[in-house]
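Just so you know, all these numbers are worked out from the coordinates, no wet-lab data involved. Only a predicted model underlies this, so the values are computations on that prediction, with no experimental measurement involved. Virtual Cβ from ideal backbone geometry, glycine too; neighbours counted across all protein chains shown.
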Amino acid sequence: MLLNLIGCINNNKSYDLDYLNGYWRIDYVTQNNEIFDIKDENILLDYYYLNSNKGWKKKVRPLLNNRFETSADTIFLDVKYDENETSLHLNSKWDNWVETIVYLDSVSLVLKIKNRSHYYNKINPFLDE
């Protein structure tokens, strides 16, 4: 899957950011050509909300009956564009950092955070199982 996704990476770095809104589960992380799988226990999702290049991100844990436990903290973000990339500038009460969008479509997201690439799958937790 890694090779398929890398082959589809958008070179103009312009994405439909409406796709970012929603629940994203980290599938795996890469660093220095190594792949780190995420364990299935204690599943956490990242929930992104974006409107007019501003928004927020929260950690959420799925519970039974389509409910979620959410983190108490909200991480605020701003979208920044330059000629080569689209990035999210995040600000929490503890830290500030940048997540660069490497790839985004309706079901896949790749974010570069420092020297790591985070590969996400979008989920719809409200679909009947």
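Residue-wise test of (1) without any contact (Cβ under 8 Å) to a residue 60 or more places away in the chain; (2) part of a strand (DSSP E or B).
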position: GLY55; (1), (2): yes, yes
position: LYS59; (1), (2): yes, yes
position: ASN65; (1), (2): yes, no
position: GLU69; (1), (2): yes, yes
position: TRP97; (1), (2): yes, yes
position: THR100; (1), (2): yes, yes
position: SER106; (1), (2): no, no
position: VAL110; (1), (2): no, yes
position: TYR119; (1), (2): no, yes
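Just to be sure before I move on: is ILE35 surrounded by fewer than 13 Cβ atoms within 10 Å (Cβ to Cβ), of a type in the set (A, V, I, L, M) and in a strand (DSSP E or B) in the structure I sent?
yes
For the range 71-81, which positions are of a type in the set (A, V, I, L, M) and part of a strand (DSSP E or B)?
ILE75, LEU77, VAL79
Mind listing just one residue for me: the one in the range 94-124 that is more than 10 Å from the chain's Cα centre (by Cα) and of a type in the set (Asp, Glu) and, of those, nearest to ASP27 (Cα to Cα)?
Across the range 94-124, the extreme among qualifying residues is ASP105.
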